[in-house]
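First the structure, in the form of structure tokens, and then the observations on it.
The values are calculated or read from the model by the stated rules, or taken from the named source; none is laboratory data. Model, not experiment: these values are computed from the prediction. Virtual Cβ from ideal backbone geometry, glycine too; neighbours counted across all protein chains shown.
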Amino acid sequence: MAKASADPAKIEKQRQAWQKTRARGKQFYILTRGVLGFGLTCALYWIFDKDLLHLSLPKVALCLLFWGGFGYLFGLWMWNSNEKRYCNLS
């Protein structure tokens with residue numbers, strides 16, 4: 001979403017894009033953008049950055065839980081941030 005000083009056509013396009021995203025629902029957004037998009041990406045980076053021979057299943061599971069939870073919080077924060085911007089544009 002853009003600031004209010006941007007081109008009106010661009011603002012309208014961004015507002016309509018957020019309406020489409022919003023229609024899919026908050027939990028879908030958090031799951032796809034936060035948990036899978038951010039959390040899983042960070043977890044996989046952490047797992048493959050380590051020496052794979054020294055990883056154990058409990059460490060991998062803990063990593064996935066930690067980054068999945070952090071991804072959920074990140075997705076929630078992004079949803080609320082976009083909702084605030086959307087309300088300011090409407």
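Could you say whether any residue in segment 54-68 is of a type in the set (Phe, Trp, Tyr) and either surrounded by 15 or more Cβ atoms within 10 Å (Cβ to Cβ) or at pLDDT below 95 (or both)? The answer is yes, given that some residue of segment 54-68 is of a type in the set (Phe, Trp, Tyr) and either surrounded by 15 or more Cβ atoms within 10 Å (Cβ to Cβ) or at pLDDT below 95 (or both).
Looking only at segment 3-19, decide whether some residue is more than 19 Å from LEU89 (Cα to Cα) and free of Cβ contacts under 8 Å to residues at least 60 places away in the same chain.
Scanning segment 3-19 turns up no residue that is more than 19 Å from LEU89 (Cα to Cα) and free of Cβ contacts under 8 Å to residues at least 60 places away in the same chain.
Just so you know, in segment 69-90 the residues that are modelled with pLDDT of 95 or more and among the aliphatic types (A, V, I, L, M) include one that is farthest from LYS20 (Cα to Cα), and it is LEU73.
The residue that is nearest to GLY25 (Cα to Cα), counting only those in segment 48-75 that are under 12 Å from the mean Cα position of the chain (by Cα) and of a type in the set (Gly, Ala, Ser), is GLY75.
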